[in-house]
Amino acid sequence: MMMKRKIYQQLLDWKEVRKGEVALLIEGARRIGKSYIVEEFGKNEYDSYILIDFNKAPESVRKWFDLYLEDLDTLFLYLSQHYKVRLHRRKSLIILDEIQLCPRARAAIKFLVADGRYDYIETGSLVSIKKNTQGIVLPSEERAIQMFPMDFEEFLWATGNDMLMELIRKKYKEQQPMGQDFHRKAMDAFRLYMIVGGMPQAVKKYVETKDFDAVDTAKRDILTIYRNDIFKYAGETANKVVSIFDQIPSQLSKHEKKFRLSALRPDAKFRDWDDAFFWLKDARVVNICYNSTEPNIGLKINEDRTTLKCYMNDTGLLISHSFDEKSIVSNEIYQKLLFGKLEVNEGMLIENIVAQMLTASGNRLFFYSKSSVKADDRMEIDFLLQKEKVTNRHNIRPLEVKSGKNYSLTSITKCIKKFEKYIVLPTVLHAADYKVSDGITYLPLYMTPLLGSPEN
């Protein structure tokens, strides 16, 4: 089954525009389909390609990137012989898969690109941690792009719902409701996406079998890989990293979803745990959302790194992670989740998938949290979006995420009043259709991906 992914167009643009002037580095979590889409790209767009998987490559292959950088003819001859692939000048692609496992191959990119014979794509995770960059000069001849789990539209494509997102996009631009029938259809698709998730293995299992047991097994296999990677690659911080990883469901299930270090250790300080959070973020296992202490033009300027929310990179994985006391989440539980009838804090799932969709749309995650003895100052805003281009003071879009039918607007109302000169288009993301009321825009949850567009 071919999975259509949006990143393919980025690969095409890179090939056609850069013409071998830079290598492409694709960063992303394990099992999101990096190797698959790059290999498909090699098959479709080049006369030949070589895929060097550094998870499997023998030490001899790794050493060639040291020994023959001044004799590239020999290097390419050896690679051709080893992988039994004939290389063609300007018509072949060399894929360096899981590049973080061979830093010297990454350092060699400078020389390979300068040679100009072939195109190069690197894939990897954990490419920024010190262990994987120590002793090498990072090549300026590489361009990095991010890859994420399948987004909502990619999920719709995979499940045969090709046209639905076009309608959603049209209604969003026109600022019109979807209408009862189409809204119900879109919400059903959204809930299915939320529980299956965007990991290609899980999506493939769902499309092929419609069996949630098989879907859950696929997701648990991925969670096992994540856990094993922590102990394999996190070094001295491994115990801290796995402690954070294990706490994610319980932290998100709280009313205030801020990560409380006291759950890990009573005397824990963020300065002692910062490396562990960075490891999970660099591995793309989590999406970190920081508190911005003032919702004005510079959200990062006012970033408080000691107050954060830690979301899973994929909400489907979060569901399996949340029920890890069972060997498998049963079909019955998935059916109840699908129809919103499971007695579980659904708010954590909804907020997690909003964070996931905002991240995939190119947004950095910030929220606003203020404790105060003054009732007017006390508020929690789930997300703050910053306009790409600052045209005036009204630059920040506050987002409140609501999972149920009955909800309070206390915080966003306070936010509008207190920060009127900074904010634009205060928005509630909810399960109902599009509407505008009392200066607040109400968007159905499935329109969240459209908030990443520069014009929005």
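Here are a few things to note about the model shown:
- Residues that are surrounded by fewer than 20 Cβ atoms within 10 Å (Cβ to Cβ) and not in a loop (DSSP other than H, G, I, E, B) within the stretch 43-61 comprise K43, N44, E45, S48, L51, D53, E59, S60, V61, listed in sequence order.
- Residue check for N287: under 13 Å from the mean Cα position of the chain (by Cα) and not in a loop (DSSP other than H, G, I, E, B): yes
- Of the criteria (1) touching a helix residue (DSSP H, G or I) at 6+ places or on another chain (Cβ under 6 Å); (2) touching a residue at least 60 places away in the same chain (Cβ under 8 Å); (3) of a type in the set (D, E, K, R), which one R104 fails: (2)
- Flag if D376 is surrounded by fewer than 16 Cβ atoms within 10 Å (Cβ to Cβ) and not in a helix (DSSP H, G or I): yes
- E256 satisfies every condition listed in (1) assigned to a loop (DSSP other than H, G, I, E, B); (2) without any contact (Cβ under 8 Å) to a residue 60 or more places away in the chain except (2).
- Screening the stretch 240-263 for residues that are surrounded by fewer than 15 Cβ atoms within 10 Å (Cβ to Cβ) and hydroxyl-bearing (S, T, Y) and picking the one that is farthest from G124 (Cα to Cα) gives S262.
- Among the residues of the stretch 177-201, the one identified as under 14 Å from M357 (Cβ atoms), of a type in the set (A, V, I, L, M) and surrounded by fewer than 22 Cβ atoms within 10 Å (Cβ to Cβ) is A189.
- Hey, V38 more than 22 Å from W157 (Cβ to Cβ) and aliphatic (A, V, I, L, M) or not: no
- Looking at I328, I319, just one residue is at pLDDT 90 or above, among the aliphatic types (A, V, I, L, M) and surrounded by 14 or more Cβ atoms within 10 Å (Cβ to Cβ), and that residue is I319.
- For L167, the conditions (1) of a type outside the set (G, A, S); (2) at pLDDT 95 or above; (3) crowded, with 20+ Cβ neighbours inside 10 Å; (4) over 18 Å from Q356 (Cα atoms) are fulfilled apart from (3).
- Filtered residues of the stretch 26-42 (kept if part of a helix (DSSP H, G or I) and more than 15 Å from L101 (Cβ to Cβ)): Y36, I37, V38, E39, E40, F41, G42
- Test: residue in the stretch 126-138 that is modelled with pLDDT of 95 or more, crowded, with 16+ Cβ neighbours inside 10 Å and either over 30 Å from F278 (Cβ atoms) or not polar (S, T, N, Q) (or both): no
- Taken together, the residues in the stretch 52-107 that are of a type in the set (A, V, I, L, M, F, W, C) and more than 24 Å from E40 (Cα to Cα) amount to 7.
- Filtered residues of the stretch 168-199 (kept if under 21 Å from V215 (Cα atoms), among the hydrophobic types (A, V, I, L, M, F, W, C) and not in a helix (DSSP H, G or I)): M199
- Looking across the stretch 262-274, the residues that are in contact (Cβ under 8 Å) with a residue 12 or more places away in the chain and touching a strand residue (DSSP E or B) at 6+ places or on another chain (Cβ under 9 Å) come down to F270, D274.
- Where K19 falls short, out of the listed (1) of a type in the set (K, R); (2) surrounded by fewer than 16 Cβ atoms within 10 Å (Cβ to Cβ); (3) closer than 24 Å to D115 by Cα; (4) touching a helix residue (DSSP H, G or I) at 6+ places or on another chain (Cβ under 8 Å): (4)
Conditions (1) under 30 Å from A283 (Cβ atoms); (2) out of contact with any helix residue (DSSP H, G or I) (no Cβ under 7 Å at 6 or more places or on another chain); (3) at pLDDT 95 or above; (4) assigned by TED's automatic domain parsing to the domain that holds V22, marked per residue:
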site	(1), (2), (3), (4)
K63	yes, yes, yes, yes
L77	no, yes, yes, yes
I94	yes, yes, yes, yes
D115	no, no, yes, yes
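- Residue list for the stretch 264-295, filter: surrounded by fewer than 18 Cβ atoms within 10 Å (Cβ to Cβ) and either outside the structural domain of R378 (by TED's automatic domain parsing) or closer than 19 Å to N395 by Cβ (or both): T293, E294
- Being part of a helix (DSSP H, G or I), assigned by TED's automatic domain parsing to the domain that holds Q356, in contact with a Gly (Cβ under 8 Å, 6 or more places away or on another chain) and under 21 Å from D314 (Cα atoms) is true of A202.
- Residue in the stretch 380-388 that is in a loop (DSSP other than H, G, I, E, B), under 15 Å from Y442 (Cα atoms), in contact (Cβ under 8 Å) with a residue 24 or more places away in the chain and within 21 Å of the chain's Cα centre (by Cα) present: yes
- Filter result for S292 (in contact (Cβ under 8 Å) with a residue 40 or more places away in the chain, within 22 Å of F366 (Cα to Cα) and over 18 Å from the mean Cα position of the chain (by Cα)): yes
- Taking the criterion of being in a loop (DSSP other than H, G, I, E, B), under 14 Å from Y442 (Cα atoms) and out of contact with any Asp or Glu (no Cβ under 8 Å at 6 or more places or on another chain), the residues of the stretch 405-425 that qualify are K405, N406, Y407, S408, V424, L425.
The values are calculated or read from the model by the stated rules, or taken from the named source; none is laboratory data. This one's a predicted model, so the numbers in the text were calculated from it and none came from an experiment. Cβ: placed from backbone, ideal geometry, glycine included. Neighbour counts: every protein chain shown.
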